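> Below is a structure I'd like to ask you about.
The values are calculated or read from the model by the stated rules, or taken from the named source; none is laboratory data. If you're wondering where the values come from, they're calculated on a predicted model, not measured in any experiment. For neighbour counting, all protein chains shown are included, and Cβ atoms are generated from backbone atoms with ideal geometry for every residue, glycine included. Please note that ligands, DNA and RNA were not included when accessible areas were found on the heavy atoms of the full protein model with its side chains. Shrake-Rupley method; radii C 1.70, N 1.55, O 1.52, S 1.80 Å.
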Amino acid sequence: MKTMDAVLFKRILTGGAKNLRANVQKINDLNVFPVPDGDTGTNMCVTFETGLEETAKIASSNICDCADALSHGSLLGARGNSGVILSQFFKGLQKGLKEYNEVTALDLVGVYKTAVSQAYHAVVNPVEGTILTVFKEAVNYAEKKIDSSSQIEDFYREHLKGAEEILPKTKEMLDVLKESDVIDSGGAGYICIVEGMYNSLINEDYNPVSEDDGNNLKNEAAKIDISAFTRDSELEFGYCTECLLRLQTKKVNPDNFDVQIIIDFLNSKGGESIVCYKEDDVVKLHVHTLNPGDVLNELRKYGEFLTIKIENMALQHQEIVNKKEAEKQPVEHKKLAVVTVANGEGIKQLFTELGADVIINGGQTGNPPVKAFLDAFEEVDADYIAVLPNNSNIILTAKQAKDLYKKSEVVVLPSKSIQQGYSALSVINPFFDDIEDLICDVQETMDGVAAFEVAAADKDANLNGMNVVKGDYIGISDDTIFCVSKDRTDALNKLLDQYEDIDDKELLTVFCGKDVTEEEKNRIEKDLQEKYSKMDVTVLDGGQDVYSFYVALE
């Protein structure tokens, strides 16, 4: 199809809405607090379907008329942060399609770029890693693939590919997503829309099965359990406050009214997740606030309310927590489980591959509390729990947690470094016969590790007869500085050169920190393998903070 008019546009919008509805619950389940709104899928679906109701009233074959109706309906029916942002994307489509009777694939690139700009503009503090990022990157991807010979199917296929490519990366952009290991729910909802639009293009009979069995999503909010917030509860998360405000001529000039006045007020009161815009003489507002009464009183200075929705987000949060708790899979019982502390994605992945059951984030400058160990112990079901603190400053904390925990026998293996923890994991046998023998084996292995580190000095110092200037790279072992250099690779080599018993060692392992480039890593690996040809040399991406290199000799 070389062009698309209103008839085809309605068809693919309907396909997108059907696919979104079919996946509402999956999208809702992705939510993690405090990412705004725990019913993302429902909100997006209600918003979209309200817009579609308006398009059904349009008999025109001009795509601009269809886009006007979609925008108007979704703007006034938008629900939740995700729904409001989606409605602004549709508003951008309407702006981009203005005066078009039909469009080509190349036209759609420009139209969708306008939609992205409108969505970003509507959010007071845009955050990457959300549905906004998925909008933007999907359009950017398609733009690189589409030219004047492309068909409508080509645009939506490439747009979908771009969205699918960026969505998994959202969990790395937002800490709250990374911590819960989930993708952005709004972005996932948008992919359902685009997938449905594309499938309805290539299959006129496309009709995904809806998992809500025709339930009215608009009434879903009434199902919330109010018992989750009692007379003794404290308001922690505030209220999700939404309204439609009709501007009044006796109070303001509706045509010239600037919503920035409202936005500035909300910011001054600590409002969060603010989305505020004006459509003709109607203002649509979404905000998270501890004081919705103040917001409503301010808004009445400018007009009167058409609709108001205020929800205690603590109830929503508890609903999500309860559901996730109910869905937890039973943990396999083990004879031995291993809990360890580590920093750096590469090291964490390696430790998992070596058999660690739970990894607590921490290390130098980031010592975890006792509660972090107790929480980790609760995640496993084992007769024995072996703990590798991997830092001398964390050993005592681990021992305190051991004394407090009574459900399993906890054994603290006093590893003082990541290097010792790495070696310990390589010899821990989960099918041991005697726990004391296992402890002895692990301790003997850890004692045989010579551990070194290279790090950038964060201040000037004069230690161990060496003058250190802030920014210099220092070679360290057992808290003693052995060498200083302006170059981290040079410091690594000097450190190894000064180790007298290196000829007696068989294994050399280097963990590269996040500041080390791939080029440096490859060069280091090549040089060390040539220099220490009699040893088994391994250079790994550790990704750790603070230290450029962890070095282990065994």
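> Largest first, what is the accessible-area ranking of ILE359, ILE131 with a 1.4 Å probe?
Heavy-atom accessible area, descending, gives ILE359, ILE131.
> Then there's this: Suppose R0 equals 56 Å. What FRET efficiency, 1/(1 + (r/R0)^6) with r the Cβ-Cβ distance, do SER268 and ASN464 give to the nearest 0.05?
0.55
> Now, a different point. Let a ≥ b ≥ c be the square roots of the eigenvalues of the Cα gyration tensor of the stretch 370-445; is it rounded (a/c under 1.5), or, if not, prolate (a/b larger than b/c) or oblate?
Verdict is oblate for the stretch 370-445.
> List the GluC sites (Glu not before Pro) within the stretch 17-119 that DSSP assigns to loop and that have no more than 10 neighbouring Cβ atoms inside 10 Å.
GLU99
> Under a straight-distance cross-link criterion of Cα-Cα below 14 Å, which aspartates and glutamates are reachable from LYS309, leaving out those fewer than 8 residues away in the same chain?
The reachable aspartates and glutamates, counting only those whose Cα sits under 14 Å from LYS309, are ASP37, GLU220, GLU242.
> Between rounded, prolate and oblate, where does the stretch 466-551 land on the alpha carbon gyration tensor, with a ≥ b ≥ c its root eigenvalues, rounded for a/c under 1.5, else prolate if a/b exceeds b/c?
Note, shape of the stretch 466-551 comes out oblate.
> How would MET4, MET173 line up by accessible area, probe 1.4 Å, largest first?
Listed by decreasing accessible area, they come as MET173, MET4.
> Using the Cα gyration tensor of the chain, with a ≥ b ≥ c the square roots of its eigenvalues, what is the shape: rounded (a/c below 1.5), prolate (a/b larger than b/c) or oblate (neither)?
It is prolate, given that a/c is not under 1.5 and a/b is the larger ratio.
> Suppose every Lys and Arg Cβ carries +1 and every Asp and Glu Cβ carries -1, with no other charges. What dipole size does the chain come out with about its Cα centre, to the nearest 20 debye?
2320
> Over 32 Å between Cα atoms: which of LYS145/LYS526; LYS57/LYS284; LYS26/LYS113; LYS18/LYS301 fall into that group?
LYS145/LYS526; LYS18/LYS301
> Give me the aspartates and glutamates in straight-line cross-link reach of LYS459: C-alpha distance below 13 Å, same-chain residues under 8 apart excluded.
Here the aspartates and glutamates satisfying the reach criterion relative to LYS459 are ASP472.
> Using protein chains only and a probe of 1.4 angstrom, how many square angstrom of TYR532 are accessible, to the nearest 10?
Counting only protein heavy atoms, the figure is 30 Å².
> To the nearest 0.05, how large is the calculated FRET efficiency for ASN207 and GLU525 if R₀ is 51 Å and r is the Cβ-Cβ distance?
0.40
> Against the longest principal axis of the chain, how steep is helix 435-447, in degrees 0 to 90 to the nearest 10, with axes from Cα atoms?
Orientation of helix 435-447: about 80 degrees from the principal axis.
> Determine how large the accessible area of VAL380 is when every protein chain is in place; take a 1.4 Å probe and give Å² rounded to the nearest 10.
VAL380 exposes around 20 Å² with every protein chain in place.
> Taking a 19 Å limit on the Cα-Cα distance, which of the listed pairs LYS334/LYS371; LYS335/LYS407; LYS348/LYS494 fall beyond it?
LYS334/LYS371; LYS348/LYS494
> Could you work out, for the stretch 1-95, what percent of all Cα-Cα pairs fall into each 5 Å distance bin, beginning at 0 Å and stopping at the bin that holds the largest distance?
Binned Cα distances yield the sequence 3, 16, 23, 24, 16, 10, 6, 3, 1.
> Among the listed pairs LYS10/LYS95; LYS136/LYS514; LYS95/LYS136, give every one whose C-alpha distance is greater than 24 Å.
LYS136/LYS514
> Report the antiparallel proportion of the DSSP beta bridges in the chain as a percent, rounded to a multiple of 5.
70
> Heavy atoms only, probe 1.4 Å: what % of the accessible area of the chain goes to carbon and sulfur, would you let me know?
Whole-percent figure for carbon plus sulfur exposure: 46.
> Leaving ligands, DNA and RNA out of it, work out the accessible area of SER61 with a 1.4 Å probe and give it in Å² to the nearest 10.
Around 60 Å² of this residue is reachable by solvent.
> Going by accessible area, probe 1.4 Å, with all protein chains left in place, what is the ranking of ILE385, ILE435, largest first?
Ranking ILE385, ILE435 by accessible area, largest first, yields ILE435, ILE385.
> With a 1.4 Å probe and all protein chains left in place, how much accessible area per residue does the chain have, in Å²?
That works out to 48 Å² per residue.
> What angle, in degrees between 0 and 90 and rounded to the nearest 10, separates the Cα long axis of helix 152-166 from the longest principal axis of the Cα atoms of the chain?
Helix 152-166 and the main axis of the chain meet at about 40 degrees.
> Let me ask another. Per residue of the chain, what 222 nm ellipticity follows from adding -39500 (n - 2.57) for every DSSP H run with n ≥ 4, rounded to the nearest 500?
Calculated at 222 nm, the ellipticity per residue is -14500 deg cm²/dmol.
> Just name one of GLY83, ALA386, GLY346: the one whose Cα is farthest towards the positive end of the charge dipole of the chain (beta-carbon charges, Lys/Arg +1, Asp/Glu -1).
Of the listed residues, the answer is GLY83.
> Across the stretch 96-110, in residue order, what do the Karplus-derived ³J(HN,Hα) couplings come to in whole Hz, using 6.51 cos²θ - 1.76 cosθ + 1.60 with θ = phi - 60° and x for Gly and Pro?
x, 8, 3, 6, 7, 8, 8, 10, 9, 4, 5, 4, 4, 4, x
> Can you give the convex hull volume of the alpha carbon atoms of the stretch 59-115 per residue, in Å³?
Normalising the Cα hull of the stretch 59-115 by residue number yields 66 Å³.
> Still on this structure, please answer the following. Hey, could you pull the Cα Rg and Dmax for the stretch 466-513, both in Å?
Calculated on Cα positions, Rg and Dmax stand at 11.5, 35 Å.
> Out of residues 5 or more away from LYS334 or on other chains, whose amide H comes under 5 Å of its own, with H placed 1.01 Å from N in the peptide plane?
Result for LYS334 returns ASP381, ALA382, ASP383.
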